[in-house]
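Below is one structure; the comments refer to it alone.
The values are calculated or read from the model by the stated rules, or taken from the named source; none is laboratory data. Note that the coordinates shown come from a computational prediction; the quantities given were computed from them, not determined experimentally. Glycine also receives a Cβ, built like all others from the backbone with ideal geometry; neighbour counts cover every protein chain displayed.
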Amino acid sequence: MNNSNNTKPENTDWCLRVDGKTALVTGAAGGLGRSFTECLLQAGATVIVSGRRQEALESLKKDIPEYADRIHAVTMDVTDEASVAEAFDIMADEIAIPDVVVSNAGVATSKKALDLTSADWDQVIDTNLKGCWLVGNEAARRLAALNRGGSIIMISSILGHRVAGNVAPYAVAKAGVEQLTRALALEWARYGIRVNALAPGYIETDLNRDFFASEPGQKMIRRIPQRRLGQAGDLSGPLLLLASGLSDYMTGSTLVVDGGHLQSSL
C-alpha cells in the first residue's frame, strides 16, 4: 500500500491569495484597518477603504501608490444606516459590490462603569456592534440579490470572551459581535455568504505603544503566555484564510490570535 503524500488534494489553491476579489475594509485609515488594507492589496484584492473622513482615506491611498489602480476610497459612517446604503450605492455604480467585507471600524473608551454616560455607551455600542450589523446586512442583501456568495469578517477581540476593567461597553460590544457572527452565519449560509470573526489579543499600535512600554504595560505583557505583544502582521494569515477560498467550509467561527492570552490563568 502506498501511503505517500503524493496524492493531489481536491483543493490545490494552497496559497493565501485573494486575486479577483473586491474587499471592503471599514475603519481603514488607522491602526489595524491600514494593515488589513495593505495585506489584502498584497494578496491581490481590489480594496475599498472606508471611514468617516475622506482626507484620511486619501492620505492612506497616497501612502501606498504602488496599488493605486486597486484601491478606492468611499466615505461611510457605519453607525448611520443611510450613510451605509449610500456608500454601497457608490460601490455598486463605480467599483463593485465587495465579496469580502472586513468590519473593522471601532472605538473604545476607558472609564469606570460608574462614570460612564449614556452617550459614552451609545458611541461604543453603535460603532462596534451596530456598525457590524448595518454593514454586514447591507453587503449580504446586495450579494444575495446578485446571487453571489461572499465572506464577511467581523473584527472581534479577546475582550468578547473575557473582561477587563474600565472597558465595559467595549467588552459588551465585542461579545455581541461574537453572537452576531454566529446568528448571521446560520441565516446566510443558504446564500453562500460566510460570516466569521477574527479576535485579536493585544496588538501593538501607535495608540498603545507608550502604555505597553510603561511598567503596568510590561506587567500585562508578562501575563501573555508568549510574553510578547502581537504585531499587526500576526493577523494577516488568519485574515487571508477567512477571505480566501481555503475557508469555504468555515462559517460562524472565531479565530483567536492572542499569543495564548485567553488560556492564561485568572
What residue, of ALA113, ALA96, ALA105, is closer than 27 Å to THR251 by Cα, in contact with a helix residue (DSSP H, G or I) (Cβ under 6 Å, 6 or more places away or on another chain) and at pLDDT 95 or above?
ALA105
Would you confirm whether or not region 219-238 contains a residue that is touching a Cys at 6+ places or on another chain (Cβ under 8 Å), of a type in the set (S, T, N, Q) and in contact (Cβ under 8 Å) with a residue 24 or more places away in the chain?
yes
Which residues, counting only those in region 24-83, are under 28 Å from ASP122 (Cβ atoms) and assigned to a strand (DSSP E or B)?
LEU24, VAL25, THR26, ILE48, VAL49, SER50, GLY51, ALA73, VAL74, THR75
Sort out which residues of region 229-252 are charged (D, E, K, R) and either surrounded by 15 or more Cβ atoms within 10 Å (Cβ to Cβ) or farther than 17 Å from PRO98 by Cα (or both), and write them in order of number.
ASP234
Residues that are among the aromatic types (Phe, Trp, Tyr) and farther than 25 Å from SER35 by Cβ, drawn from region 93-133
TRP121
Is there any pair linking a residue in region 26-50 that is at pLDDT below 95 to one that is among the basic types (Lys, Arg) and surrounded by fewer than 24 Cβ atoms within 10 Å (Cβ to Cβ), with Cβ under 7 Å and at least six apart or on different chains, and which?
ALA29/ARG53
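Kindly provide the set of residues from region 127-167 that are among the small types (Gly, Ala, Ser) and either buried (at least 19 other Cβ atoms within 10 Å of the Cβ) or free of Cβ contacts under 8 Å to residues at least 40 places away in the same chain (or both), ordered by number.
Across region 127-167, the qualifying residues are GLY131, GLY136, ALA139, ALA140, ALA145, GLY150, SER151, SER156, SER157, GLY160, ALA164.
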Please go through region 180-195 and pick out each residue that is over 22 Å from ASP126 (Cβ atoms) and either in contact with a strand residue (DSSP E or B) (Cβ under 6 Å, 6 or more places away or on another chain) or among the hydrophobic types (A, V, I, L, M, F, W, C) (or both).
ALA185, LEU186, TRP188, ALA189, ILE193, ARG194
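Tell me the residue from ALA73, ALA23, ALA85 that is closer than 21 Å to ARG142 by Cα, surrounded by fewer than 16 Cβ atoms within 10 Å (Cβ to Cβ) and modelled with pLDDT of 95 or more, please. Please lay out each step first, then the result.
Details: ALA73 fails: surrounded by fewer than 16 Cβ atoms within 10 Å (Cβ to Cβ); ALA23 fails: surrounded by fewer than 16 Cβ atoms within 10 Å (Cβ to Cβ).
So the residue among ALA73, ALA23, ALA85 that is closer than 21 Å to ARG142 by Cα, surrounded by fewer than 16 Cβ atoms within 10 Å (Cβ to Cβ) and modelled with pLDDT of 95 or more is ALA85.
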Counting only residues that are out of contact with any Leu (no Cβ under 8 Å at 6 or more places or on another chain) and part of a loop (DSSP other than H, G, I, E, B), region 208-258 contains a total of 15
Residue tally, condition closer than 17 Å to ALA145 by Cα and surrounded by fewer than 20 Cβ atoms within 10 Å (Cβ to Cβ), over region 177-204
5
Need the failing condition index for GLY176 against (1) in contact (Cβ under 8 Å) with a residue 60 or more places away in the chain; (2) within 24 Å of VAL100 (Cα to Cα), just the number.
(1)
